[in-house]
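A.B. asks: Dumping the structure here so I can ask a few things about it.
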Amino acid sequence: MSEREVFRAKSGYLLSGATAVLSALFIWSAALTQGLVAAITGSLAANILVYLIFVRPHVIYTDETLRIINPIEEIEIGWSDIDLVDAKWCMNVTTKFGRFNAWAAPAPSRFHSKKIHPSELRGMEIRGRESISPALSPKSDSGIAVHMAQVRLKDFRGGSHEFRYRKNWSWAALLGLSLTATLILIILGK
């Protein structure tokens, strides 16, 4: 049995909770006036979109594979097939099958690098650099996710015979997205 770690940006839960509270207040306000159906459909559409974009994305690290779950796709790559793990706008993985981005690990703004103290870089695989990209900061989501992947990649002792590459569409997410589009069309049609 392989050891499994899951990485997910914590800010997604905050945004999802704020959206749920605002939706509840919007529905309550609409219940006091007219337009309750439009308020419920709009709130449902907003909550589905927030879930798909901010809560659903995550990265799963196992001893054999790296699994990236994005809003509508799931990618599983064996460690032996990974060439590079890096970050610019978000964590990205370069393989012989292409380059894949992880929505769960967004990079911070360029001003984030000014908040990094050199003592925070100890233990990370950064040698010969006096400064680092904000995307690789140990305080950013992308920096944490990249570091976790680099540690797993360095510790991987398998061979190329342990090939694993899979890319699937999430039919539940696509259904949620089509439901959201339908709800928006209902709102616009009224």
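A.B. asks: If you scan region 67-77, which residues turn out to be open to solvent by 10 Å² or more (accessible area, probe 1.4 Å) and assigned to a strand (DSSP E or B)?
C.D. replies: R67, E73, E74, E76
A.B. asks: Taking interchain pairs and intrachain pairs at least six residues apart, which have beta carbon atoms under 6 angstrom, with the first residue in region 1-24 and over 21 Å from P108 (Cα atoms) and hydrophobic (A, V, I, L, M, F, W, C) and the second modelled with pLDDT under 90 and open to solvent by less than 70 Å² (accessible area, probe 1.4 Å)?
C.D. replies: From region 1-24, no pairs qualify.
A.B. asks: Right, something else. Pull up region 141-161, narrow it to residues that are assigned to a loop (DSSP other than H, G, I, E, B) and over 18 Å from G98 (Cα atoms), then point me to the one that is modelled with the highest pLDDT.
C.D. replies: Applying the filter and picking the extreme gives F156.
A.B. asks: For region 83-110, which residues satisfy the criterion of being over 26 Å from V55 (Cβ atoms) and either open to solvent by 60 Å² or more (accessible area, probe 1.4 Å) or modelled with pLDDT under 85 (or both)?
C.D. replies: Result: D83, L84, K96, F97, R110.
A.B. asks: Sort out which residues of region 57-66 are surrounded by fewer than 18 Cβ atoms within 10 Å (Cβ to Cβ) and within 17 Å of C90 (Cα to Cα), and write them in order of number.
C.D. replies: I60
A.B. asks: Restricting to region 1-56, what's the tally of residues that are charged (D, E, K, R), assigned to a loop (DSSP other than H, G, I, E, B) and either in contact with a Phe, Trp or Tyr (Cβ under 6 Å, 6 or more places away or on another chain) or buried (at least 19 other Cβ atoms within 10 Å of the Cβ) (or both)?
C.D. replies: Result for region 1-56: 2.
A.B. asks: Could you please tell me which pairs satisfy a Cβ distance under 8 Å, a separation of 6+ or placement on different chains, a first residue in region 162-190 that is modelled with pLDDT under 85 and surrounded by 14 or more Cβ atoms within 10 Å (Cβ to Cβ), and a second residue that is assigned to a strand (DSSP E or B) and of a type in the set (K, R)?
C.D. replies: none
A.B. asks: Given the residues A31, A9, which is the only one that is among the hydrophobic types (A, V, I, L, M, F, W, C) and either within 23 Å of V146 (Cα to Cα) or under 14 Å from the mean Cα position of the chain (by Cα) (or both)?
C.D. replies: When all the criteria are applied, what remains is A9.
A.B. asks: Also: Return the only residue of S119, S80 being modelled with pLDDT of 70 or more, more than 21 Å from the chain's Cα centre (by Cα) and in a helix (DSSP H, G or I).
C.D. replies: S80
A.B. asks: Moving on to the next point. All but one of (1) in a helix (DSSP H, G or I); (2) at pLDDT 90 or above hold for S113; state the number of the condition that does not hold.
C.D. replies: Of everything listed in (1) in a helix (DSSP H, G or I); (2) at pLDDT 90 or above, S113 misses just condition (2).
A.B. asks: Confirm whether S29 is of a type in the set (S, T, N, Q), touching a helix residue (DSSP H, G or I) at 6+ places or on another chain (Cβ under 9 Å) and touching a residue at least 12 places away in the same chain (Cβ under 8 Å).
C.D. replies: So S29 fails the test.
The values are calculated or read from the model by the stated rules, or taken from the named source; none is laboratory data. Every value quoted in this text rests on a predicted model; they were computed, and no experiment measured them. So basically every Cβ, Gly included, is an ideal-geometry build from the backbone, and we count neighbours across all protein chains shown. SASA here: full protein model, heavy atoms, side chains in, ligands and nucleic acids out. Shrake-Rupley method; radii C 1.70, N 1.55, O 1.52, S 1.80 Å.
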